[in-house]
Amino acid sequence: MILAAAAQRVAQQAAQQAAEQPVLNQQTHGFLSPTGVEIAFLLVGLVTLGAALVTVTTRQLVHAALWLVVALGGVAVEYLLLTAEFIAWVQVLIYVGSVVVLLLFGLMLTKAPIGHSPDADSRNRPVAAAVALAAAGALVWVVVDAFRTTWIDLDGAVQGSTAVTGEILFRHWVLPFEALSVLLLAALVGAIVLSRRKKEEQR
């Protein structure tokens, strides 16, 4: 009986140590010991931020559009690192493939200068920087306040998958999605109108 009790006690201790081992592994992983995915996420984020800054500071419109491709592509890579593959491919197809092509199409229709253009600088960079910082701060505050009490169901559908994204999009974001499509259509029509007006003035 004593040997059986001792063996049972040893088995319970072994089971308890095995149960505590994942907790210890989770506790050792923290801010000072990032994983490879977290390091890649940080590096891609820095590249994306740099491309975005070059986009708004360059004086060449075509270069700005091309750097915008790099920035939007970096955002797509960030989505991939967050295991949101569907949103990443939507980012590539819609923003990189459609929005940037629409911008380049508008530049060609309006015959914007391809090379260095001093008109691209409005000399209001301090005001623009202040507005950008205020907008970024407001956006961060809104996102943190909106998702502060949001918990991800790890046992449910994968966040960022087609099913979850489609349900959220067509249930809560239908009107903004349609408004964005109308805005892009208005930009395209405006570019065509400007190009026809310039041709008539040249005649």
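The values are calculated or read from the model by the stated rules, or taken from the named source; none is laboratory data. Because the structure is predicted, anything quoted here is derived from the model rather than measured. Methodologically, a virtual Cβ is constructed for each residue, glycine included, from the backbone with ideal geometry; neighbour enumeration extends over all protein chains shown.
Exactly one of (1) in contact with a Ser or Thr (Cβ under 9 Å, 6 or more places away or on another chain); (2) in contact (Cβ under 8 Å) with a residue 24 or more places away in the chain; (3) not in a loop (DSSP other than H, G, I, E, B) is unmet by residue 70. Its number?
Among (1) in contact with a Ser or Thr (Cβ under 9 Å, 6 or more places away or on another chain); (2) in contact (Cβ under 8 Å) with a residue 24 or more places away in the chain; (3) not in a loop (DSSP other than H, G, I, E, B), the lone unmet condition for residue 70 is (2).
Per-residue answers, yes or no, for (1) out of contact with any Pro (no Cβ under 9 Å at 6 or more places or on another chain); (2) touching a residue at least 40 places away in the same chain (Cβ under 8 Å); (3) crowded, with 17+ Cβ neighbours inside 10 Å:
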| position | (1), (2), (3) |
| --- | --- |
| 35 | yes, no, no |
| 38 | yes, no, no |
| 50 | yes, no, no |
| 53 | yes, no, no |
| 65 | yes, yes, yes |
| 75 | yes, no, yes |
| 91 | yes, no, yes |
| 94 | yes, no, no |
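Hey, does the range 83-97 have a residue that's at pLDDT below 80 and acidic (Asp, Glu)?
No, the range 83-97 contains no residue that is at pLDDT below 80 and acidic (Asp, Glu).
Within the range 158-195, can you find the residues that are modelled with pLDDT under 75 and of a type in the set (Lys, Arg)?
None; the set is empty.
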